[in-house]
Amino acid sequence: MLKMQSLSKVYRTEMIETYALRDFNLEVRAGEFVAVTGPSGSGKTTFLTIAGLLESFTGGRYELDGVDVSHMNDDQRSRMRNEKIGFIFQAFNLIPDLNLLDNIEVPLRYRGMKTAERQRRAREALARVGLSARERHYPAELSGGQQQRVAIARALAGEPRLLLADEPTGNLDSSMARSVMELLEELHRDGATIVMVTHDPQLAARAQRNVHVIDGQVMDIAAQLHLDASPVHSTTLA
Ligand SMILES: Nc1ncnc2c1ncn2[C@@H]1O[C@H](COP(=O)(O)OP(=O)(O)O)[C@@H](O)[C@H]1O
Ligand SMILES: [Mg+2]
């Protein structure tokens, strides 16, 4: 689904160069549920925005759904993003003046989808997250957990190949966080590929696989185990 090889991202300002990612290697297969953890500033959001084609990268190679995106122009990238990616952000990013159905329809408009089809998909997505009764409500009338469910519905309405979530429970109390996590787990059981950044170790533990990022690099668990099993370290393990 997603394959990054030796990816790098450098932010340049007049004064400094920041390597947000360096030699970043990661593969995510279709149908996986991966949690990405790591300290603040380690590059998690940078990784996710590049994965979702919201940002370009400086070096390396990125294949999304079998397509090398390195040489795509902005238009091609935004089209691919619109067709294949669903985003869920920490801050929900709903539009306050639009009711829930209209919020969910927004990204579908960019695809030039007909009104009837947009409405059908929006209703279906809202039902999927258990909020059908609230179609005409406005975001401010909902709890944080419900707002995040709407944001998930908005992502789902596009029928994305890949769901990317950046700290989706970061603004929620623990019971709301759990219910959002349960929804993501349910979507995963139904076949969704999910990559979720989280600082919550309990939520991360519920994903199929954890990827730890430090200083813009994936800490390879397998390689670490290999190192620990080497003769030099075996005595300390025993
Ligand atoms: N737009 C930007 N301009 C300059 N530096 C940035 C920008 N975005 C992120 N960075 C830097 O890149 C590094 C990684 O940031 P980020 O991906 O947001 O980390 P995380 O999500 O893990 O907290 C940080 O050092 C951050 O300051
Ligand atoms: Mg971040």
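The values are calculated or read from the model by the stated rules, or taken from the named source; none is laboratory data. Note that the structure is predicted; figures quoted are calculated from it, not measured. Cβ sites come from the backbone with ideal geometry, for glycine too, and all protein chains shown count toward neighbours. Note: areas computed on protein heavy atoms with side chains; ligands, DNA, RNA excluded. Shrake-Rupley method; radii C 1.70, N 1.55, O 1.52, S 1.80 Å.
Evaluate segment 9-29: report whether one residue or more is under 17 Å from the mean Cα position of the chain (by Cα), within 29 Å of G130 (Cβ to Cβ) and outside any loop (DSSP other than H, G, I, E, B).
yes
Taking segment 31-85, which residues are open to solvent by less than 20 Å² (accessible area, probe 1.4 Å), away from ligand 2 (no atom under 16 Å from the Cβ) and in a loop (DSSP other than H, G, I, E, B)?
L53, V69
Which of the residues belonging to segment 123-146 are assigned to a helix (DSSP H, G or I), touching a residue at least 12 places away in the same chain (Cβ under 8 Å) and either over 20 Å from F89 (Cα atoms) or open to solvent by less than 70 Å² (accessible area, probe 1.4 Å) (or both)?
Within segment 123-146, R123, E124, A125, L126, R134, P139, G144, G145, Q146 meet the criteria.
How many residues does segment 1-30 hold that are more than 14 Å from ligand 1 (Cβ to nearest atom) and surrounded by fewer than 16 Cβ atoms within 10 Å (Cβ to Cβ)?
7
Determine if segment 95-117 includes at least one residue that is out of contact with any Phe, Trp or Tyr (no Cβ under 7 Å at 6 or more places or on another chain), within 30 Å of E141 (Cβ to Cβ) and within 16 Å of ligand 2 (Cβ to nearest atom).
No, segment 95-117 contains no residue that is out of contact with any Phe, Trp or Tyr (no Cβ under 7 Å at 6 or more places or on another chain), within 30 Å of E141 (Cβ to Cβ) and within 16 Å of ligand 2 (Cβ to nearest atom).
Filter segment 91-117 down to residues that are within 24 Å of E186 (Cβ to Cβ), open to solvent by less than 30 Å² (accessible area, probe 1.4 Å) and not hydrophobic (A, V, I, L, M, F, W, C), then give me how many there are.
2
Run L237 past the list (1) hydrophobic (A, V, I, L, M, F, W, C); (2) within 16 Å of ligand 2 (Cβ to nearest atom); (3) at pLDDT below 90 and report the number of the one that doesn't hold.
With respect to (1) hydrophobic (A, V, I, L, M, F, W, C); (2) within 16 Å of ligand 2 (Cβ to nearest atom); (3) at pLDDT below 90, L237 is out only on (2).
Please find, among D102, D75, D97, D23, the residue that is more than 20 Å from G158 (Cα to Cα) and without any contact (Cβ under 8 Å) to a residue 60 or more places away in the chain.
Within the list D102, D75, D97, D23, the selection yields D97.
Inspect segment 180-189 for any residue being of a type in the set (D, E, K, R), closer than 15 Å to F92 by Cα, modelled with pLDDT under 95 and assigned to a helix (DSSP H, G or I) and give the result as yes or no.
No, segment 180-189 contains no residue that is of a type in the set (D, E, K, R), closer than 15 Å to F92 by Cα, modelled with pLDDT under 95 and assigned to a helix (DSSP H, G or I).
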